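Asks: Here you go, one structure.
A short reminder: the numbers here are calculations on the coordinates, not readings from a lab. If you're wondering where the values come from, they're calculated on a predicted model, not measured in any experiment. For neighbour counting, all protein chains shown are included, and Cβ atoms are generated from backbone atoms with ideal geometry for every residue, glycine included.
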Amino acid sequence: MKIAVLPGDGIGPEIIAEALKVLRALGEAFEFEMAPVGGAGYDACGHPLPETTLRLAEAAEAVLFGSVGDWKYDTLPRELRPEQALLGLRKSLGLFANLRPAILYPELAGASTLRAEVVAGLDLLFVRELTGDIYFGTPRGRRVVKEGPFAGSAEAFDTMRYSEPEIRRIAHVAFQAARGRQHKLTSVDKANVLETSQFWRETVGAVGAEYPDVTLEHLYVDNAAMQLVRNPKQFDVLVTGNMFGDILSDEASMLTGSIGMLPSASLDAAHKGLYEPSHGSAPDIAGRGIANPLATILSAAMMLRYSFERAEQAARIENAVKKVLAKGLRTADIYENGSERVGTGAMGDAVVAAL
Ligand code: NAD
């Protein structure tokens, strides 16, 4: 199993070190190759995504990514900023499926802004299409309005579009994910207004015929936004286009209240993936050994599940994380009175011990 390891900037190297510790403890035949990315790539090679790093990522079966960005690169031109590395990797590797689980371990229910009984035990998975929709549609731009009450004024426009194959492939990812969970899929759209959404609904429905064991429901995006805070535990897997998923997956992640806990995966058609925590490089706490490594450790678990079909090993890691939380170990970001405060390294060690 060849894994490109790109630690990046800020807390990236610290949290990646803990994920590697946990992976090594599994005793599997992993080959790790490290390369600089983001600000570290710029410092080493003058570019946030150096050619050698991109080649390594292309040759590997999976990419384990820390985080990129630091205030010291804020004055660089946009194409040289660390964050460009991630966009470049997504584009070059064709990572169209973004998987973001929102899990709230019962022990952390107090960390949410919602009442504990609404969110305790929450376990849902967002499957967001990542390379289509209004973010990538053409034409786009500005022009002068020709007719009507606003004739002569400027207007800006973007184009929402999805092709059938793009919808079908993300729908397959979502149905398959639902199969490995509670067999329930909610497809989110705005089919009462948008042609693109009507097409999305029809296409997802047609793909659903291949998955009779999965219950499919369709929800309008405005209702989905409301249901997510009203009763989020009704959901198992949600599949969305790029823009609705962008907004709703952030809403869902905040239900859990703890950014240091949330992993993510971005997959291509062959389940090669880039795995990274949902949070950024946290330059405010970098180098102090207090960052929470659990999102990255859980991202490594997702890598085992989705890229290497090692669901059992993934579950072992996830259960080890649960055990450590149940024991009361907490990094500063999830600390509550009465729990035991630990640093980044001690948290990684505790997960290894629990394994
Ligand atoms: P951030 O997620 O880095 O940090 C937000 C807050 O959460 C900070 O107070 C930070 O200390 C805390 N935090 C984040 N992760 C944590 C962890 N594992 N443990 C404990 N606390 C944690 O977001 P930001 O401050 O807006 O951005 C910082 C940099 O990260 C920027 O350069 C931004 O562009 C970049 N960024 C990168 C990614 C990525 O690499 N995928 C994603 C988001 C932001």
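Asks: Return, for the Cα atoms of segment 98-148, the radius of gyration and Dmax in Å, separated by a comma.
Replies: Just the Cα atoms of segment 98-148 yield Rg and Dmax of 20.2, 59 Å.
Asks: Continuing with the same structure: Using the alpha-carbon centroid of each, what span in Å lies between segment 286-310 and segment 1-63?
Replies: Measuring centre to centre over Cα atoms gives 12 Å.
Asks: Report the equivalent ellipsoid semi-axes for segment 61-150 in whole Å, largest first, defined as the square roots of five times the eigenvalues of the gyration tensor built from alpha carbon atoms.
Replies: With the √(5λ) rule applied to segment 61-150, the semi-axes are 34, 24, 17 Å.
Asks: How large is the Kirkwood hydrodynamic radius of the chain, counting all unique pairs of alpha carbons, in Å?
Replies: Mean inverse Cα-Cα distance, inverted, gives 21.2 Å.
Asks: Only Cα pairs under 8 Å and at least 6 apart count here; give the relative contact order of segment 124-209 as a rounded whole percent.
Replies: Dividing the mean separation by the residue count of segment 124-209 yields 24 percent.
Asks: I would also like to ask the following. Please list the non-local residues whose amide H lies under 5 Å from the amide H of S187, H modeled 1.01 Å from N, same-chain partners needing a gap of 5 or more.
Replies: E217, H218, L219, V239
Asks: Expressed as a rounded percentage, what relative contact order does segment 58-205 have, with Cα pairs under 8 Å and six or more residues apart?
Replies: Reported as a whole number, the value is 15 percent.
Asks: I'd like the projected area of segment 139-238, averaged over all directions, using the convex hull of its alpha carbons. Report it in nm² with one decimal.
Replies: Directional mean of the projected Cα hull area for segment 139-238 stands at 8.4 nm².
Asks: Rounded if a/c is under 1.5, else prolate if a/b is larger than b/c, else oblate: which is segment 54-111, with a ≥ b ≥ c the root eigenvalues of its Cα gyration tensor?
Replies: In terms of gyration-tensor shape, oblate.
Asks: Would you work out the charge dipole size for segment 75-133 about its Cα centre, treating the Cβ of every Lys and Arg as +1 and the Cβ of every Asp and Glu as -1, and quote it to the nearest 20 debye?
Replies: Using only the charged Cβ atoms, the result is roughly 260 debye.
Asks: Still on this structure, I have one more. In Å, what Kirkwood hydrodynamic radius results for segment 288-355 from the alpha-carbon pair distances?
Replies: That comes to 12.2 Å for segment 288-355.
Asks: What ranking do 261-270, 108-117, 175-184 get when scored by the average of other Cβ atoms within 10 Å per residue, highest first?
Replies: Going from most to least packed, we get 261-270, 175-184, 108-117.
Asks: What does the charge count near I16 come to, summing +1 for each Lys or Arg and -1 for each Asp or Glu among other residues with Cβ under 15 Å from its Cβ?
Replies: Result for the local shell: -3.
Asks: What are the equivalent ellipsoid semi-axes of segment 16-117, built from the alpha-carbon gyration tensor (square roots of five times its eigenvalues), in whole angstrom, biggest first?
Replies: Whole-Å semi-axes of the equivalent ellipsoid: 29, 21, 14.
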